[in-house]
Amino acid sequence: MNHAATRYLEAKRSVDERARSPRVRDRLLAALPEAPRVVEAGCGTGVTVPTLLAWGVDAATYRGVDSDPGVVAFARTVRPRELRRRGYDARAADGTVSAGDLTAAFETGDALAALRAESRADLVVAQAFADLVDPEALIDAAESALRPGGLAYLPITFDGGSIFQPDHPADRAVERAYHAAIDARPGRDVRAGRHLADLCRRRAGTLLAMASSDWVVRPRGGDYPADESYFLERILDFVADALADADVDRGDDWLASRRGQLRDGELTYVAHQYDLLYRAPDGG
């Protein structure tokens, strides 16, 4: 599964925006200090920067780290252009983007190692990332990066539900095979959302907020918004990769049916996920 393709990451942006919990976001913004130092693990194409600005966080120092040089290069090129289109006086130099009092740097590297090297962050962001790594390793690294009482915002964390509509007789078998393929990968957990919540509750810090943030992608009048048809195409490719190594009765028919429904603007997809907000121990 190539989750790092820039078009896929950009295509899911509108899906993520709909999915994120307003309640968890508002709790985050209420607790965030002025001009925060922000570190993002798995920054992808850098969409958190315009998101922070849209949320009113217009003074901050942001550092985004991703292992894929291609998406980091994309972030450095595309995000300043987007900010200018939105009316910001955005300037870019040496991998850093500035827009007013917000400065953002995008780097290639190991995200967890970058967190472990930090110690003064006010906010760690790990969007659609906490289900790709060992949860305990992530929270350990986040606590290392955060100042006492700092915040870890963990939105779009997958939690074991993949729904496709209309119904197909092979739905349950396909979902089981897809989730088994996810679980078989090192560090992956198909129920990462609930397990991460349990882990946060056991730690010395505080789980401040948690809410569902399901992806819901559906056609409107036979069409999909933005580039969400491509997003669904990639999701079906991920499922196809899983089915290639599994013996699922009518699996080929399931894929053919789903791809036909996507072509005809009839396919709906839901993935169950959680947004979590964790506060590190005060250290007192």
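The values are calculated or read from the model by the stated rules, or taken from the named source; none is laboratory data. All figures in this text were calculated on a predicted structure; none of them were measured in a lab. Note: ideal-geometry Cβ built from the backbone for every residue, glycine included; neighbour counts use all protein chains shown. Please note that ligands, DNA and RNA were not included when accessible areas were found on the heavy atoms of the full protein model with its side chains. Shrake-Rupley method; radii C 1.70, N 1.55, O 1.52, S 1.80 Å.
How fast does region 209-272 diffuse by Stokes-Einstein, in µm²/s, taking the Kirkwood radius from C-alpha pairs at 20 °C and 1.002 mPa s? It would help to have the intermediate numbers written out before the result.
Values: Rh = 12.9 Å.
Once the numbers are plugged in, D ends up at 167 µm²/s.
At 0.36 nm per residue, minus the direct Cα-Cα distance, what do residue 259 and residue 26 gain on full extension? Give it in nm, one decimal, please.
Taking 0.36 nm per residue and subtracting the Cα distance, the gain is 80.1 nm.
Please report the carbon-and-sulfur percent of the accessible area for region 161-220; probe 1.4 Å, protein heavy atoms only, DNA, RNA and ligands left out.
Numbers: 1500 of 3100 Å².
Percent of accessible area from carbon and sulfur atoms in region 161-220: 49.
For 215, 254, 55, give me the order by solvent-accessible area with a 1.4 Å probe, most accessible first, ignoring ligands, DNA and RNA. Could you put the intermediate results ahead of the total?
On the way: 215 20, 254 0, 55 60 Å².
Descending order: 55, 215, 254.
Name the residues whose placed amide hydrogens come within less than 5 Å of the amide hydrogen of residue 40, ignoring near sequence neighbours (fewer than 5 apart) on the same chain.
Amide H to amide H, under 5 Å and 5 or more residues apart or across chains, residue 40 pairs with 63, 64, 65, 125.
Can you tell me the convex hull volume per residue for the chain, based on C-alpha atoms, in Å³ to the nearest whole number?
For the chain, the hull spanned by Cα atoms encloses 123 Å³ per residue.
Over region 80-120, what portion of Cα pair distances is larger than 16 Å, expressed as a whole percent?
The proportion of pairs with Cα distances above 16 Å equals 48 percent.
When the accessible area of region 2-98 is computed with all protein chains present and a 1.4 Å probe, what percentage of it is carbon and sulfur?
46
Applying the Karplus parametrisation 6.51 cos²θ - 1.76 cosθ + 1.60 with θ = phi - 60° to the phi angles of region 72-79, what ³J(HN,Hα) value in whole Hz is obtained for each residue in order, glycine and proline being reported as x?
5, 4, 4, 4, 5, 8, 8, 5
Under 20 Å from a label point 7 Å along Cα→Cβ of residue 194: give me every residue in region 134-166 with its amide N that close.
Counting backbone N atoms under 20 Å from the label point, the list is 134-136, 154-164.
For residue 59, enumerate residues with amide H under 5 Å from its amide H, sequence gap 5+ or separate chain, H modeled in the peptide plane.
The answer is 35.
Compute the Cα gyration tensor for region 1-149, then decide on rounded, prolate or oblate, letting a ≥ b ≥ c be the square roots of its eigenvalues: rounded whenever a/c is under 1.5, prolate when a/b is larger than b/c in the other cases, and oblate in all that remain.
It comes out rounded by the Cα gyration axes.
State to the nearest 20 debye the size of the charge dipole of region 1-135 about its Cα centre, where the only charges are +1 on K and R beta carbons and -1 on D and E beta carbons. Write out the running numbers ahead of the final one.
On the way: 19 positive and 19 negative charges, 92 e Å.
My answer is approximately 440 debye.
Kindly report the accessible area of the chain per residue (heavy atoms of protein chains, probe 1.4 Å, no ligands, DNA or RNA), in Å².
Heavy-atom accessible area per residue stands at 44 Å².
If I compute solvent accessible area with a 1.4 Å probe over the protein chains, what percent of it on region 223-284 is carbon and sulfur?
So the carbon and sulfur contribution to the accessible surface is 39 percent.
Just need the relative contact order of the chain here, percent rounded to a whole number, with Cα pairs under 8 Å and 6+ apart. Please list the in-between numbers first.
Details: 559 pairs, mean separation 65.3, N = 284.
Once normalised by length, the contact order is 23 percent.
Can you pull the Kirkwood radius for region 43-88, inverse mean 1/r over Cα pairs, to one decimal in Å?
For region 43-88, inverting the mean 1/r across all distinct Cα pairs yields 11.0 Å.
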